[in-house]
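Report on the structure given below.
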Amino acid sequence: MRFTDTYIHRPVLATVISLLILLLGVRSAMEMEIRQYPQLESTTVTVTTAYPGASSDLVKGFITTPIQQAMAEASGIDYLSSTSSQGRSVIEATMVLNYDANAALAEIQAKVASQRNVLPADAQDPVITSTTGDSTALMYIAFFSTELGVPQITDYLTRVVQPKLQALAGVGKAKLLGRQFALRIWLDPERLSAVDMTPQEVVHILLKNNYQAAVGNTEGKYVKISMTSDTDVGDPDQFKDLVVKESNGSLVRLSDIARVELGSESYDQLALYKGQPATYVAVELSPGANPLTVAKLVKDELPDIERQLPSGLGVRMAYDASDFIDHSINEVIKTLVEALVIVLVVVFLTLGSLRAAIVPSVAVPLSLVGGAFIMLLMGFSLNLLTLLSMVLAIGLVVDDAIIMVENVHRHIEAGESRFDAAINGAREMATPIIAMTTTLVAVYAPIGFMGGLVGSLFTEFAFTLAGTVVISGVVALTLSPMLSGMVLKPHGNPGRFEVLVEKTFNGLSNAYKSLLSRMMQTISVVIFFAAVVLASIYFMVAMSQNELAPTEDQGILFYQGLGAQTATLDYLQEHGNEIQERMTTVPGYYEDFMIIGLTAPNAVFGGYKMAPWSERSVSQFQAQPLLQQELSKVTGLQTAVFPRPSLPGSGGGFPFQFVLTTGESYERLNAAADELLGKAMQSGNFMFLQKSIDFDRPVTRILVDRDRVADLGLSMQDVGGAMSSMLGGGYINRFNMQGRSYQVIPQVEQDFRLDEQALNDYRIRADNGELVPLGSVITFEHGVEPSQRTQFNQLNSLKLQGVVAPGVAAGDAMTFMQKTATETLPQGFSYDYTGATRQLASQGNALMVTFFLSLLVIYLVLAAQFESWRDPFIILVSVPMSVAGAMAFIVLGFATMNIYTQVGLITLIGVVAKNGILIVEFANELQKRQGLSKREAVVNAAAIRLRPIIMTSLALIFAMVPLLIAAGPGAESRFAIGLTIATGLGIGTLFTVFVLPAFYILLGRQHNQDKDIPDEVDEGLAQH
């Protein structure tokens, strides 16, 4: 008695097992969270240090270098990048994937703190922030008004809106992108001279008269009272009335020598929503937070926030990444349902009987629901990849049910009773089903143990698919034979459609058997054909286009426009307004946002948001070249349009980022980059490519006459401090207003700093008490310097960044750049990658290695199951056939070689191997039971198993149809994997049924001989 007999004899037991699977699966599906991708941590720790007024060279030497040297000692860093610009140092430590974000932040904080004593005294304390997840925030909420100024909007958001949003679970940061309030004291050098004062003296007075005193308290025998004082200034009007000097009995107030206003901390940045000045709240996720849950909480809170807004203040959700996630998941669920219906229709058409179709109709949904229990046990979520694995699983789990019901049906047609047919059919199929289930699990196991981005993304995909297949095997061995014995019609009572289907398959089987018998007379031709197909794979892989993942239509395009290095905010805003006007003319436009001066002082960055997918007739891919063409007409800016990254953890920025590094000077680095940039643009691989920095930033170097300074009794500190007080724009202290502190920033009025000649008229006080013009001790020297001083892993660096040309894959562009860089870069230069390009460089071929590992694992598993080293090789001969079929369509340009097509190729190993198992296992049995020769056994086995092979292959191929015709969010990745499996399986199955029998005759064992007698060559083979 076989173990399958138990469930046929005890149908209640088989039913109970299935009901338990159903209950556990449904409960598990209700418990799992929904997210876009499996949870992964991509952490970037940023250290920002302000040194107002300092040159980029000074910032690099005195701030960036010591801090990044200390940071480099921290663990878990993938790479360090830094930018030193005028008055500001920014160092980013990008951590390796899934490195603990809290541990990274704590260690880097300690490293930075160790360097605080070596930083210049005038430098502000380093600000350390940590971002985990996408570099682009989950949501951008725009607040705008025609009545309120941007600083007023920002102040309101700081007091009221930001605390509410940051209190929501899962919100890591509600970051304000707008101008902050600050007390600006615009000094007038002429008035200062008239009252015999210098800017430094004003600064000292402000420091002394805006003093936050901690007085303490009085304490009697029974009563203690806290004391406060008004030594500080708490109102802008009080600053205006502040006495700065007493002259001839009259008081000189601050308003007499300066214009005092409640302005902005910085006038270098400006945010716009549809051309209107605005402040954005960027909602960022906390580590591990579910974007869909957080987005729902924010959206639920937004109506309450809107009701409480001051009159004239409007709010709009400018960008919401959860919309794409929601639509993508809905599309995958829709695809899942479509695939399920299509597969069940195919099963009915190929079985010819509605009763027979009942078995797969029950088994497939049950296996899918049962797979949810496996997912919950392993801590997985319902995301795009696990749902996609469910779509593939439909075509895989139906195989077991089809094979079982088809074999039971075959026994009934042979004249057996339904009960006996179920017993015998289940016994015959138990071993093949176990072998096929184990095979598929073995195929996906190596993916589950991969590291890096691909491993993090596809572990849940692989184990979900493997778990669902295991449940399918359990159902096929318990419920399916019992149901088959109950629902199939007895022999001699077929329906008209069933007769037609039987006649069709019998005719097909007889024709195939006849053709196969003739072909097996000349197996050398078949073997040679297989060898040619195998060899062609190498050339097709080499000719295919490579990218990490297909670009998805996410309904938004980003753009960045760079102006001249001397561009002011007014210049950028004027050309930004032109960009905004031109965007509205591009088809698909819905709304836009723009931030000036955020990514670089001379940059305009923004987003072109498209209408929802159901409301527009153009795709993102159609809109991108149109938008690029339109924005290229804005002659004052060099503008590039690029999509949002398709995969998490890319770091943001342009899609293509190639980094040149060297220990040499920036002049040599710039020259090498220019040569490489010229060749790259001539190659036609790039639609847009630019250097991240240019060596054309005008700089005026102030040369101080040290002897003259000494004659006046001054020091270099006096001269430098005077210039910093007038031009630096750094804050000197803070004042309190309505419970919040704001910066106090003195600076010379813009009219008195239009060019360097204005410095000649600034006054400093000599040691004899007289005011002397600054021009008497300084001269000017003009030159150029890098727009920024950037470093990568502590080496001087320059990034070539841009967008590849339409029809060119990122992998091809990378190959060109690597080859060209190797040929042209001088000694001492090297290259690296950042952003999405770095992901492709490090992970692009990871799955191809896993492909061969999966092939090896499945070979070993089959060897153990068949107790043979030959049979697994024969079974796996069909794999190259299917791979070649899929690669042919990839080479023709229907898809690229990416992580989705590579996963499809791995899937083909298990799917096609299942067909080989059916033939080889049955051929071995025919040899043992009936004493047939290898040729006779394999021809008969292939003919008998042709119907289940066709049925299972058609089921999976048609299950891929919803993926092939997919539209909307996430369609590109679904198409890539669907195309690979459908074409590979279709062509692979065609090749398998002819090539595999030839290899069986060539390599298979002669099972009808005594085990002690050596194998002899089949006499049919000997003729060749």
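May I ask you to say which residue of Tyr37, Tyr79 is under 29 Å from the mean Cα position of the chain (by Cα), under 28 Å from Leu385 (Cβ atoms), assigned to a strand (DSSP E or B) and of a type in the set (Phe, Trp, Tyr)?
Working: Tyr37 fails: assigned to a strand (DSSP E or B).
Going through Tyr37, Tyr79 in turn, just one is under 29 Å from the mean Cα position of the chain (by Cα), under 28 Å from Leu385 (Cβ atoms), assigned to a strand (DSSP E or B) and of a type in the set (Phe, Trp, Tyr): Tyr79.
Test each condition in (1) surrounded by 24 or more Cβ atoms within 10 Å (Cβ to Cβ); (2) over 28 Å from Phe505 (Cα atoms); (3) at pLDDT 85 or above for Ile874 and report the one that comes out false.
(2)
Restricting attention to segment 624-638, report how many residues are open to solvent by less than 10 Å² (accessible area, probe 1.4 Å) and not in a loop (DSSP other than H, G, I, E, B).
We begin by selecting, within segment 624-638, every residue open to solvent by less than 10 Å² (accessible area, probe 1.4 Å); these are 627, 631, 634.
Okay, now just the ones that are also not in a loop (DSSP other than H, G, I, E, B), so 627, 631.
Of the residues in that region, 2 qualify.
How many of the residues in segment 1-15 are assigned to a helix (DSSP H, G or I) and open to solvent by 70 Å² or more (accessible area, probe 1.4 Å)? Lay out the reasoning, then the answer.
Within segment 1-15, the first condition is being assigned to a helix (DSSP H, G or I), and the residues that meet it are 3-9, 11-15.
Among the residues that remain, those that are also open to solvent by 70 Å² or more (accessible area, probe 1.4 Å) are: 3, 9, 12.
Of the residues in segment 1-15, 3 are assigned to a helix (DSSP H, G or I) and open to solvent by 70 Å² or more (accessible area, probe 1.4 Å).
Kindly indicate whether any position in segment 468-484 is over 30 Å from Ala29 (Cα atoms) and of a type in the set (A, V, I, L, M). Talk me through it step by step, then tell me what you get.
Looking only at segment 468-484, we keep the residues that are over 30 Å from Ala29 (Cα atoms), and these are none.
No, segment 468-484 contains no residue that is over 30 Å from Ala29 (Cα atoms) and of a type in the set (A, V, I, L, M).
Have a look at Gly588, Gly607 and point out the one that is of a type in the set (Gly, Ala, Ser) and at positive phi.
Values: Gly607 fails: at positive phi.
The match here is Gly588.
Can you confirm whether segment 154-161 contains a residue that is in a strand (DSSP E or B) and within 21 Å of Ile745 (Cα to Cα)?
First pass over segment 154-161, keeping only residues in a strand (DSSP E or B): none.
Looking for residues that are in a strand (DSSP E or B) and within 21 Å of Ile745 (Cα to Cα), one finds none in segment 154-161, hence no.
Checking Val45 against (1) under 27 Å from the mean Cα position of the chain (by Cα); (2) surrounded by fewer than 19 Cβ atoms within 10 Å (Cβ to Cβ): exactly one of these is not met. Which one?
(2)
Out of Leu754, Leu727, Leu689, I need the residue that is within 30 Å of Gln152 (Cα to Cα), within 44 Å of the chain's Cα centre (by Cα) and not basic (Lys, Arg). Which one?
Leu727
So Gln657 fits all but one of (1) within 22 Å of the chain's Cα centre (by Cα); (2) of a type outside the set (A, V, I, L, M); (3) part of a loop (DSSP other than H, G, I, E, B); what number is the exception?
Result: Gln657 fails condition (3) only.
Any idea which of (1) modelled with pLDDT of 85 or more; (2) more than 25 Å from Ile906 (Cα to Cα) is the one Val469 doesn't satisfy?
(2)
Going through segment 441-478 one residue at a time, which ones are farther than 16 Å from Ala363 by Cβ, surrounded by 24 or more Cβ atoms within 10 Å (Cβ to Cβ) and of a type in the set (S, T, N, Q)?
Across segment 441-478, the qualifying residue is only Thr464.
Only one of these is among the acidic types (Asp, Glu) and either outside any helix (DSSP H, G or I) or closer than 30 Å to Phe852 by Cα (or both): Asp570, Asp553. Name it.
Within the list Asp570, Asp553, the selection yields Asp553.
When the residues of segment 542-588 are narrowed to those that are crowded, with 16+ Cβ neighbours inside 10 Å and β-branched (Val, Ile, Thr), which ends up modelled with the lowest pLDDT?
Thr551
If you scan segment 261-302, which residues turn out to be of a type in the set (Asp, Glu) and either open to solvent by less than 40 Å² (accessible area, probe 1.4 Å) or within 15 Å of Ala318 (Cα to Cα) (or both)? Spell out the reasoning first.
Just the residues of segment 261-302 that are of a type in the set (Asp, Glu), to begin with: 261, 265, 268, 284, 300-301.
The one that is of a type in the set (Asp, Glu) and either open to solvent by less than 40 Å² (accessible area, probe 1.4 Å) or within 15 Å of Ala318 (Cα to Cα) (or both): Glu284.
Tell me which strands (runs of 3 or more DSSP E) are completely within segment 755-863 and hold 2 or more residues being open to solvent by 50 Å² or more (accessible area, probe 1.4 Å), or say none if there are none.
Correct list: 763-765, 778-785, 795-804, 829-833.
State which residue is least open to solvent (accessible area, probe 1.4 Å) when the search covers only segment 209-240 and only residues that are outside any loop (DSSP other than H, G, I, E, B) and acidic (Asp, Glu). Break it down stepwise before answering.
To start, the set of residues in segment 209-240 that are outside any loop (DSSP other than H, G, I, E, B) comprises 209, 216-219, 224-227, 236-240.
When the remaining residues are screened for being acidic (Asp, Glu), the result is 219, 237.
Details: Glu219: 140, Asp237: 88 Å².
Checked segment 209-240; the qualifying residue least open to solvent (accessible area, probe 1.4 Å) is Asp237.
For (1) farther than 16 Å from Glu921 by Cβ; (2) out of contact with any Leu (no Cβ under 9 Å at 6 or more places or on another chain); (3) crowded, with 24+ Cβ neighbours inside 10 Å, each residue gets a yes or a no:
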| site | (1), (2), (3) |
| --- | --- |
| Val397 | yes, no, yes |
| Val405 | yes, no, yes |
| Arg410 | no, yes, no |
| Ala421 | yes, no, yes |
| Met429 | no, no, yes |
| Met436 | no, no, yes |
| Thr439 | no, no, yes |
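The values are calculated or read from the model by the stated rules, or taken from the named source; none is laboratory data. What you see is a predicted model, and the numbers here were worked out from it, not measured in a lab. Cβ: placed from backbone, ideal geometry, glycine included. Neighbour counts: every protein chain shown. Surface accessibility is based on the protein's heavy atoms, side chains included, excluding ligands, DNA and RNA. Shrake-Rupley method; radii C 1.70, N 1.55, O 1.52, S 1.80 Å.
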